[in-house]
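A.B. asks: First, the structure itself, so that you have it in front of you.
Values in this text are rule-based calculations from the coordinates and carry no lab data. This is a predicted model, so every value here is computed, not measured. Positions of Cβ are generated from backbone atoms using ideal geometry, with glycine treated the same way; all protein chains shown enter the neighbour counts.
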Amino acid sequence: MPTSNELDKVRQLAGRLLSLDLGARRIGIAVSDELRVTVRPLPHIIRTNWKQLVRTLSELRGSFDAQGIVIGLPLKMDGTEGSAALEARRIARNLELTLRVPVFLQDERLTSIEAKQKLSSSGVATTQVTEKIDSEAAALILRDFISSH
């Protein structure tokens, strides 16, 4: 549940949002429209090093004029945080400092499973699911963030 401080911060922020689903090898990316009514997945990026990630996100942010970033927070099924959640928090904090943009965290439990089901049921070939699942999960994370705020 968002805090009142976070709600105020989001309400004051107008415009598009980018979303990230952090994976070990790929990072799924999604973007909202300016009114935050629709969300669409973008092509994933390959996870390499920090400088490349910052450069790519800075370019995406500029291309879409994104006013904030939402990062999926990989909580355990019982709601506790493990090492992946701590890493997501660290990345969020560093991106906020580096890109000078508000960064929010959103519970991402089960988004990859939901993304896989959505892609499979929409007729995406099994071989293509791997290519699209990360960004589809990022779109679900962003949709959930927008609907909860």
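Here's the yes/no breakdown for (1) buried (at least 19 other Cβ atoms within 10 Å of the Cβ); (2) among the hydroxyl-bearing types (Ser, Thr, Tyr); (3) under 16 Å from residue 139 (Cα atoms):
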position	(1), (2), (3)
22	yes, no, yes
31	yes, no, yes
36	yes, no, yes
40	no, no, yes
47	no, no, no
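A.B. asks: Determine whether the stretch 80-103 contains at least one residue that is without any contact (Cβ under 8 Å) to a residue 24 or more places away in the chain, under 16 Å from residue 18 (Cβ atoms) and crowded, with 18+ Cβ neighbours inside 10 Å.
C.D. replies: Checked against the condition, which is being without any contact (Cβ under 8 Å) to a residue 24 or more places away in the chain, under 16 Å from residue 18 (Cβ atoms) and crowded, with 18+ Cβ neighbours inside 10 Å, the stretch 80-103 yields at least one hit.
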